[in-house]
Structures are given as structure tokens and as C-alpha cells.
Amino acid sequence: MLVEVTGGHVVFSTRKGVFRSGQVYALNGVELTIRRGETVALVGESGSGKTTLGRLTLRLVEPSQGKVFFDGKEITHASESELRPFRQRAQIVFQDPFSSLNPYMSVRELIEEPLIIDGEGSSQERRSRVDAALEAVDLLPASRFAAKYPNQMSGGQRQRVGIARALVRDPDYIVTDEPVSMIDASSRIEILALLDRLQRERRMAFLFITHDIATARYFADRIAVMYAGTIVEEAPAGAVIDTPMHPYTQALIAAVPEPDPANRFKRRPVVPGEPGSADGRVVGCPFYNRCPHRMTGVCDTITPPLAEWESGHRTACHLYDSRYATLEPQSGSPLVRTDLQYSPMNGR
Ligand code: SF4
């Protein structure tokens, strides 16, 4: 296993005004594994903990509880000097290509900077590696793009520079945090195709963070769906899309826009309701207040574990637990749908 998080909790301290402080429970006992050469998509709404989990795997945040491993070595509380070899092998591509690149540095300086920090190679070797990274992301001719500054490039080209900056260290693992959400629609497919090609050519592992489950299917081997700081469903990408088990995943898929000849790309309703507050520990299922299938007395008191109910397909939902098969779901929820392709095992 290349990347592994076990029992990952992250709690941030916050300050509310001058005298009051609080805590935000960003991650609540997350388990995540990524194999060498595998692409895992983390899907969920804003605030679900996707970015925090991505940063935890890179040890850019330290867990409050739990452990983080990279290539079999525990890095949970490793110091920055101990993390140096790891930093060369694990990289991130940021969401915003406009703010993540220093506007006063040329493209060559931006891509070369991590090599200089690592003290790698002679000036000529670094020059060759920058040119190779630019060629890998199709910014050609490399010498022309290397001399440009970020403000002379389009959003898609800037994101390619961000990818080249990650690639130049020849990493084994890359976290891409919503890499196409802030660039124009015409460049999105090109950037996704580029990432897909690079992943296959170089056999890197990817953690692909996105709020868009349709994009996740295109890009990922496996999808992990996050809600309120936990993973609520995880399986091969096709299984999550074709036979979603968790009511939240079903709602996400139901909200994907579909081409409609009469009304082009009509968007279905987004998932109704709001996630609960993250400033306290959740009792019971975190999706309880939005779930059409919630069972009072069970879902509001017992936290469902992420369990494998079908081969390779795990979900955290009491609907699949035979102990609760006779209970009636509560009606009148804002999310009652009759068109979901879904049949809980206890109802078959
Ligand atoms: Fe809904 Fe209960 Fe399943 Fe949570 S555990 S998703 S509330 S049915």
C-alpha cells in the first residue's frame, strides 16, 4: 500500500470573538488506502473534509488521532526534516491556478524552485528537468513557455504549470484538489485528459478531490464519498455510480445534470438540506437530518460503521444491517425520491 490513513481524526481550534474559542471536527475517524498506481476520487460537498483528508495524506496537517503511513513507513508525527524524502515523492496540484503561482516568478523559476530547495542537480540538469516537465504537460515549445509569467497565460495553461511543478520531482503520489473547478469549461476536459495520461504513463497514485461525482467516474479507479468528515461509501468507481448504496451517494448522483434536448443540461435538484454543524462530535449517523430512510431510535443514536456489505463495496448505513430490517423508515423527509436505482439488502 502506498498511502494509508487509519482512524484519522483532525480537530481544528477556532476563535469566536475575543473570549470564546471552539473546535471544528474536520475528520472523524477516516480510513483510506491508495495503492501504487491507483487513482482514488474523494467526492463530497464543500466542508465534507475532502481537502483536509488530502492534506493529511501529505502530512500538511497533523492528525489529532489516528495514523498516517506512506510506502509502509509511519509519518504521523514525523518532523519536517524527517519528512524531506517524503516531500519529494508526494506532491499537490492546487485548485486555484491564479493564486497558487507567484506572479513575479517566470514559469522556469516556478518549476525549478522545488529542485533548488531540495538542492537537486546542477543548473544545467535542473534546466533539462524543467524543459522535460513542460513538454510532459504539452506546453510547447518549452523554451517559449519557460520565459513567460503567469499573467501572460490562460487559466488552463497556468494549471499545466502547476502540474509541471508537481511532476518535476518525479513523484509517486499526487493530490489534485479540484484541479479543474476554476478554469474555463473548454480547458477542463483537456486538463483531465492530461492528468489521466500522465497517471497511466508514469504509474503514479492520484488522490483526485472533487465535488463532481460524474468527473470522478471518468477519472478514478475507486471512489470514496465523504460526508461530514467521514467516508460514507467506498467502492470501484463503476459500482458507486451504477449501484450506489448510501442515501447521500444516491442523492449526489440524482443531482448530476443530464443532457436534455428541450432544456440543455438541466440540473436536477441539489441535495436538499444542510450538513450539520462540525463544531461538535456527531452522535449517530451524520446524514440523519437529511436522510429519507432514517430510522428514529437507531440512526440518531448509533453511528453506522463503514462496513463491507457487498464484495469490495463498503458503506456506512444501518439500512444494510439485518438487525434493523424490520424497522420502518421515517417519511416526510425532504429527500424522498421514488426514482433511485437502489435496493437495500434487507429489503430484497
Ligand atoms: Fe439514513 Fe440511517 Fe443510513 Fe444514516 S444510517 S444514511 S440516517 S438510513
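The values are calculated or read from the model by the stated rules, or taken from the named source; none is laboratory data. Computed from a prediction, not measured in an experiment: that's the story for all the values here. Heads up, the Cβs are rebuilt from the backbone with ideal geometry, glycines too, and the neighbour counts pull from every protein chain shown. Accessible surface areas use protein heavy atoms only, side chains included; no ligands, DNA or RNA. Shrake-Rupley method; radii C 1.70, N 1.55, O 1.52, S 1.80 Å.
Numbers below:
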read-out: In Hz, Karplus ³J(HN,Hα) per residue of region 304-321 (6.51, -1.76, 1.60; θ = phi - 60°; x = Gly, Pro); value: x, x, 6, 10, 8, 8, 10, 4, x, 10, 10, 8, 10, 7, 6, 4, 8, 8
read-out: Estimated [θ] at 222 nm from DSSP helical runs (n ≥ 4, -39500 (n - 2.57)) normalised by residues in the chain, nearest 500; value: -8500 deg cm²/dmol
read-out: On Cα atoms only, tilt of 155-167 relative to the major axis of the chain in degrees; value: 80 degrees
read-out: Probe 1.4 Å, all protein chains present, accessible-area order of S106, S64, largest first; value: S64, S106
read-out: Accessible surface ranking that places the most exposed of I34, I241 first, with a 1.4 angstrom probe; value: I241, I34
read-out: Proximal charge balance of M153 [Cβ under 12 Å; K/R count +1, D/E count -1]; value: +4
read-out: Relative contact order of region 3-226, defined on C-alpha pairs under 8 angstrom at six or more residues apart (%); value: 29 percent
read-out: Relative contact order of region 1-129, defined on C-alpha pairs under 8 angstrom at six or more residues apart (%); value: 23 percent
read-out: For S64, distant residues with modelled amide H under 5 Å away; value: H9, V10, V11
read-out: Calculated over the chain: convex hull of Cα atoms, volume per residue (Å³); value: 171 Å³
read-out: Extension gain from V24 to R197, taking 0.36 nm per residue of separation minus the Cα-Cα distance; value: 58.5 nm
read-out: Accessible surface of region 3-226, 1.4 Å probe, proportion on carbon and sulfur as whole %; value: 48 percent
read-out: Residue of P141, P97, P236 that the Gaussian network model of the chain assigns the largest fluctuation, springs spanning Cα pairs under 10 Å; value: P141
read-out: Which of M182, M1 is most accessible, then next, and so on - probe 1.4 Å; value: M1, M182
read-out: Under 5 Å, built H, 5+ apart or other chain: amide partners of T39; value: F206, D221, R222
read-out: Theoretical gain in end-to-end length, V256 to R323 [0.36 nm per residue, Cα-Cα removed]; value: 20.8 nm
read-out: Dipole magnitude of the chain, debye to nearest 20 (Cβ charges: Lys/Arg +1, Asp/Glu -1, about Cα centre); value: 400 debye
read-out: Probe 1.4 Å - accessible area at H77, Å² to nearest ten; value: 120 Å²
read-out: Crossing angle, helix 107-118 versus the chain [Cα axis fit, 0-90 degrees, rounded to tens]; value: 80 degrees
read-out: Phi to ³J(HN,Hα) by Karplus 6.51 cos²θ - 1.76 cosθ + 1.60 over region 194-200, Hz, x for Gly, Pro; value: 5, 4, 4, 5, 4, 4, 6
read-out: GNM flexibility winner over the chain from A133, A205, A239 (Cα, springs under 10 Å); value: A239
read-out: Per-selection Kirkwood Rh - region 140-266 (Cα, Å, 1 d.p.); value: 16.5 Å
